[in-house]
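Below: one structure, written as structure tokens.
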Amino acid sequence: MQKVIETDKVYSIDEYIQLDETGTVRHEYYDGRLIAMPGESLLHNKICINLLISFKRALQSVFEVYIESVKVKIEGEEKYVYPDITVTKNQSLKDHPHADYIIYEPLLIAEVLSESTGKHDLTDKFILYQKIFTLHYYVAVEPEKQLVLFYEKNDEGEWMTKSYAELDEEIELKALNVSIKLHNIYSS
């Protein structure tokens, strides 16, 4: 039986991990508070799968690609979030608690925007993502139109942005030594 989540309770990290491992609803964790993750549209899911396939095909075996149901720990915060796509190097399971369920050192995070989460993904979540030292790229994909917002951290640690709107354009990911074609993200 699914345990009822108490909205006014402050949960410990261990309680959160156990609830998320055994529950049927994913939750993000913000300083002890649990926020249920909404469902997704078919289009959102299709673009997530296209991103997953694009990254899996392009990246060498030294990188791992995860989709939707894997948490990322925000560095220096008691916050855990569920990006749509996460790319990381193989992480040692002994280096961090619960490392078989949580990514601690992502290199790339991608979010497929939606009406219900788009503003949060582009503001609050991106502010959190910038706190992750290892993160080089943040990719925000608009599903309803061909628009990808691409954020890249430069050598000085500043985030630069570029938008892509043409299907023949490629997003170059120098730190990963690959590029991803826009038409692959939006293919049917």
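FYI, it's all coordinate maths here, none of it is from the lab. All values reported here derive from a predicted model rather than from experimental measurement. Cβ placement follows ideal geometry from the backbone for every residue including glycine, while neighbour counts extend to all protein chains displayed.
Brief remarks on what is shown
- Loop-resident sites, the range 29-103, for trypsin sites (Lys or Arg not before Pro), counting at most 12 other Cβ within 10 Å (DSSP): Lys94
- Prolate/oblate/rounded label for the range 39-185 (Cα gyration tensor, a/c 1.5): rounded
- Dipole of the range 1-138, positive direction: furthest Cα of Cys48, Ile13, Tyr104, with charges on the beta-carbon: Cys48
- Tensor-based shape of the range 52-121 (alpha-carbon gyration tensor, a/c under 1.5 rounded, otherwise prolate or oblate): oblate
- Fewest-first ranking of Val87, Val81, Val25, using other Cβ atoms within 10 Å as the exposure measure: Val25, Val81, Val87
- Square roots of five times the Cα gyration tensor eigenvalues for the range 1-112, Å: 25, 18, 11
- Met37, Met160 arranged by Cβ crowding within 10 Å, fewest neighbours leading: Met160, Met37
- Evaluated with a Cβ-only charge set (Lys, Arg +1; Asp, Glu -1), the chain carries a dipole of roughly 360 debye about its Cα centre, given to the nearest 20.
- Given Lys71/Lys181; Lys46/Lys125; Lys119/Lys145; Lys119/Lys162; Lys9/Lys73, the pairs whose alpha carbons are separated by over 24 Å: Lys71/Lys181
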